[in-house]
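The values are calculated or read from the model by the stated rules, or taken from the named source; none is laboratory data. Remember, it's a predicted structure, so these values are computed and weren't measured experimentally. Counting neighbours? That spans all protein chains shown, and the Cβs are built from the backbone with ideal geometry, glycine included. Ligands, DNA and RNA are excluded from the accessible area calculation, which covers all protein heavy atoms including side chains. Shrake-Rupley method; radii C 1.70, N 1.55, O 1.52, S 1.80 Å.
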Amino acid sequence: MAAIENSRGNWGSKFGFILAAAGSAIGLGNIWRFPYVAGENGGAAFVFIYILFVVLIGLPVMIAELSIGRKTEKNPVGAFKTLFPPSLWKLVGGLGVLTGIGILSFYGVIAGYTFGYFIKIITGGLSNVVTASQSEEIFKSFTADPFMSIGLLFFFVWLTVMVVMGGVSSGIERWSKILMPVLFVLLILLAVRSVTLEGSGAGLSFYLKPDFSKISFTTFARALGQALFSLSLGMGTMITYGSYIAKKDNLVTSAAFVAFFDTLIAILAGLVMFPALFAMGMDPAGGAGLVFVVLPSIFAKIPGGMIFGAGIFLLLSVAALTSTISLLEVPVAYFVDEHKWSRRKAVISMGIITFIIGIPSALSFGANSFLSTIIAENFGFLDMMNAVFGNYSLSIGAFFIAIFAGYKWGVKAVADELEKEGNVFFYKKAWAFLIRFICPLAIFFILSYIAWTGNYF
Ligand code: PHE
């Protein structure tokens, strides 16, 4: 993202933008969050609704965000302010800035753990794992150490700060062009091992055969949150990233490409997780520690599995880094553009704030019993932050972005932006319908239901 460094510029090429947007989208949301949320919400039926939401809500909102960003070439607050100066719309951008900090604060904890697991594996700390319960014990004692948890959070936020400040993220994106396909191949190999484990069949049917009697309204709310989280939508990440795209690029195909690969990786991650999980007799609703428990027990069943495991966790850390960069970029772009802060000042102060806010999340996997059970047994501070910022904030943001693009700024203005320089917006009618009716109504009903029942978590 050298472009970002010299204040405002463009991505080197269309491919550069797609890489960065895919780097933002593909991350822990796909491999850590998707499987455990699917496991807690009934498996295949959830997956079905999730895919529906990616197509009916995610894709249209992504197109809206990208076009707002490219039109205004601004951060989320500046973008709304540019289009409608004296209005309250800029608050939607403000919510996005807060949400970026909120998500990064707990995301950094999990990202820290993935890097910690990489170190743990190469230093032999997982070589005794044979059963799932051993793996679970190791994860528990790993996360119960407050210094380790806070230290890893600090490390990951620091790493993100360095990358965003140094403007070397274009380098990272280039690396990820090579590394992400490797991650993809490793996941496929893991999936093959997982489905060939004895007793994996029950997991496959849990994951792929929908049992619609398991659906409740909360399933819809979780699927919506997950779709937005995984696609980096609802907080202006794609407004910010869209502001660096050249006018000649076709936004619609880029958006479709990003959504497709993001979903593919999530589905694949589930295919790794569920067959193995059932084969080992674990509970699919085991919560946020799922990947850290399931993956090592698969490695134990592969010759040379720990080398494999080290590779997976290292690549997961890289995937997480390209997402944390995009999370930090939103508040940073805001302070640089709107308050004329230097990039350095913005990056460092946002980094410090995020780290401090992240500390209670880092202590909520057993290190501190109050924080670990703040909402319920097995629902700690990190889970709470995840729900508040990673589900509800994004859903509220996406609702207003849909209203803005569909009614306030308007379908015609979006289409004009998309059709710049001879591009064809081939899915215009369907997009207009989805963004005006389906997106706002679906989100409105889901959020109202949750508010009405008080069933927030
Ligand atoms: N989409 C990222 C992931 O799946 C997380 C993210 C959410 C990044 C919101 C930016 C904005 O890991």
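At a glance:
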{"read-out": "Out of I122, I188, I110, sole residue that is among the β-branched types (V, I, T) and crowded, with 16+ Cβ neighbours inside 10 Å", "value": "I110"}
{"read-out": "Residues of the stretch 227-254 classified as away from the ligand (no atom under 14 Å from the Cβ), in a helix (DSSP H, G or I) and open to solvent by less than 20 Å² (accessible area, probe 1.4 Å), total", "value": "3"}
{"read-out": "Criterion (within 25 Å of I31 (Cβ to Cβ) and within 20 Å of the chain's Cα centre (by Cα)) met by exactly one of A367, A362, A333", "value": "A362"}
{"read-out": "Residue under evaluation P360, criteria (1) part of a helix (DSSP H, G or I); (2) open to solvent by 40 Å² or more (accessible area, probe 1.4 Å), criterion not met", "value": "(2)"}
{"read-out": "Test for A285: is it at pLDDT below 95 and small (G, A, S)", "value": "yes"}
{"read-out": "Failed item, numbered, when G390 is tested on (1) surrounded by fewer than 20 Cβ atoms within 10 Å (Cβ to Cβ); (2) at pLDDT 95 or above", "value": "(1)"}
{"read-out": "One residue from L251, L271, L231, L224 being hydrophobic (A, V, I, L, M, F, W, C) and over 20 Å from A64 (Cβ atoms)", "value": "L271"}
{"read-out": "Test: residue in the stretch 324-338 that is surrounded by fewer than 24 Cβ atoms within 10 Å (Cβ to Cβ), within 16 Å of the ligand (Cβ to nearest atom), polar (S, T, N, Q) and part of a helix (DSSP H, G or I)", "value": "no"}
{"read-out": "Selection count, the stretch 293-323, where residues are closer than 30 Å to M165 by Cβ and under 20 Å from the mean Cα position of the chain (by Cα)", "value": "12"}
{"read-out": "Residue under evaluation T240, criteria (1) touching a Phe, Trp or Tyr at 6+ places or on another chain (Cβ under 8 Å); (2) within 26 Å of I101 (Cα to Cα), criterion not met", "value": "(1)"}
{"read-out": "Failed item in (1) open to solvent by less than 30 Å² (accessible area, probe 1.4 Å); (2) of a type outside the set (A, V, I, L, M, F, W, C); (3) in a helix (DSSP H, G or I), with S87 passing the rest", "value": "(3)"}
{"read-out": "The stretch 367-404, subset in contact with a Cys (Cβ under 9 Å, 6 or more places away or on another chain) and in contact (Cβ under 8 Å) with a residue 40 or more places away in the chain, residue farthest from L152 (Cα to Cα)", "value": "A402"}
{"read-out": "Which numbered condition L224 fails, given (1) modelled with pLDDT of 90 or more; (2) surrounded by 14 or more Cβ atoms within 10 Å (Cβ to Cβ); (3) away from the ligand (no atom under 16 Å from the Cβ)", "value": "(3)"}
{"read-out": "Residue satisfying condition, being under 21 Å from G29 (Cβ atoms) and among the hydroxyl-bearing types (S, T, Y), within set S372, S342, S349, S395", "value": "S395"}
{"read-out": "Residues of the stretch 65-84 that turn out to be surrounded by fewer than 19 Cβ atoms within 10 Å (Cβ to Cβ) and in a helix (DSSP H, G or I), as a count", "value": "2"}
